[in-house]
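The values are calculated or read from the model by the stated rules, or taken from the named source; none is laboratory data. This is a predicted model, so every value here is computed, not measured. Cβ: placed from backbone, ideal geometry, glycine included. Neighbour counts: every protein chain shown. Only protein heavy atoms, including side chains, enter the accessible area calculation; ligands, DNA and RNA are left aside. Shrake-Rupley method; radii C 1.70, N 1.55, O 1.52, S 1.80 Å.
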Amino acid sequence: MKNFSLILNVVLLLAVAFLYVKVFGGAKPIANTPETKTEADAPAERPLRIVYVNADSLLEKYEEFKKQRDVLQKKEKDADASLKAKGRALEQDFLEVQKRVQTGTMSPSEIQREEQRLMQKQQSLAQEQERITKSLLEEGQKINDALQKELLDQLKTLKESEGYDFIFSYSVGGPILVTNDSLDITQKVLELLNVQKLDKKQ
């Protein structure tokens with residue numbers, strides 16, 4: 001979910017730029033004329049409603065994310081164990097051929113055939129490792145994209161229903177250094193995400 005933090009950090013930078021222009025930008029006030037409205041005549045602007053989501057807590061307690069993460073981690077663990085087992089078998093095969101060569105029980109043509117066979121097995125194992133790595137990366141990206149879309153959809157819905165202007169992302173070491181706990185809506189977002197997924201299963 002690093003992409004999630006990156007997107008919300010971009011939103012944060014845009015928000016800061018907006019506030020800077022709002023406070024310091026614009027032309028200087030023009031002297032009152034018959035056609036110029038005074039500040040008293042202008043309608044009062046409502047204060048911005050800004051809240052944030054704790055990204056670390058979200059990832060820790062978002063049930064669907066944890067489920068998908070555990071499934072992917074198990075696949076990675078199983079693939080790693082399988083590749084290591086095949087690697088050990090190839091190493092043992094190589095040692096046995098080497099032993100036969102050293103004892104002089106193989107003809108030059110047999111040695112050449114064995115070298116080619118071992119090289120092909122090594123190349124095949126390397127290709128399998130590359131294929132599995134690529135497959136797991138693609139699956140991880142697919143899961144990440146789906147969960148990120150679901151999260152952003154929920155945040156947009158929440159923004160509209162609650163009238164929020166900005167929803168920031170907070171994480172330890174991120175650009176936001178200090179927060180006000182009263183603006184934390186992480187639990188509300190988690191309830192929406194987890195309940196929604198529960199409703200889909202029923």
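Quick one: in the stretch 155-182, which of the residues that are in contact with a Phe, Trp or Tyr (Cβ under 8 Å, 6 or more places away or on another chain) and of a type in the set (Phe, Trp, Tyr) is least open to solvent (accessible area, probe 1.4 Å)?
Checked the stretch 155-182; the qualifying residue least open to solvent (accessible area, probe 1.4 Å) is Phe168.
Restricting the search to the stretch 110-119, which residues are farther than 13 Å from Gly87 by Cα and open to solvent by 60 Å² or more (accessible area, probe 1.4 Å)?
Within the stretch 110-119, Glu110, Gln112, Arg113, Glu115, Gln116, Arg117 qualify.
From (1) in contact (Cβ under 8 Å) with a residue 24 or more places away in the chain; (2) open to solvent by 90 Å² or more (accessible area, probe 1.4 Å), pick out the condition that doesn't hold for Arg88.
Single failed check for Arg88: (1).
Report those helices (runs of 4 or more DSSP H) wholly inside the stretch 1-117 carrying at least 2 residues which are farther than 30 Å from Ser161 by Cα, modelled with pLDDT of 90 or more and among the β-branched types (Val, Ile, Thr).
Of the helices (runs of 4 or more DSSP H) lying wholly inside the stretch 1-117, those with at least 2 residues that are farther than 30 Å from Ser161 by Cα, modelled with pLDDT of 90 or more and among the β-branched types (Val, Ile, Thr) span 63-103.
Just give me the residues in the stretch 54-80 being of a type in the set (Asp, Glu) and under 14 Å from the mean Cα position of the chain (by Cα), in sequence order.
Result: Asp56, Glu60, Glu64.
Scan the stretch 124-133 and tell me whether some residue there is closer than 30 Å to Leu59 by Cα, open to solvent by less than 40 Å² (accessible area, probe 1.4 Å), free of Cβ contacts under 8 Å to residues at least 60 places away in the same chain and not small (Gly, Ala, Ser).
Looking for residues that are closer than 30 Å to Leu59 by Cα, open to solvent by less than 40 Å² (accessible area, probe 1.4 Å), free of Cβ contacts under 8 Å to residues at least 60 places away in the same chain and not small (Gly, Ala, Ser), one finds at least one in the stretch 124-133, hence yes.
In the set Ala126, Ala146, which member is assigned to a helix (DSSP H, G or I), at negative phi and within 16 Å of the chain's Cα centre (by Cα)?
Ala146
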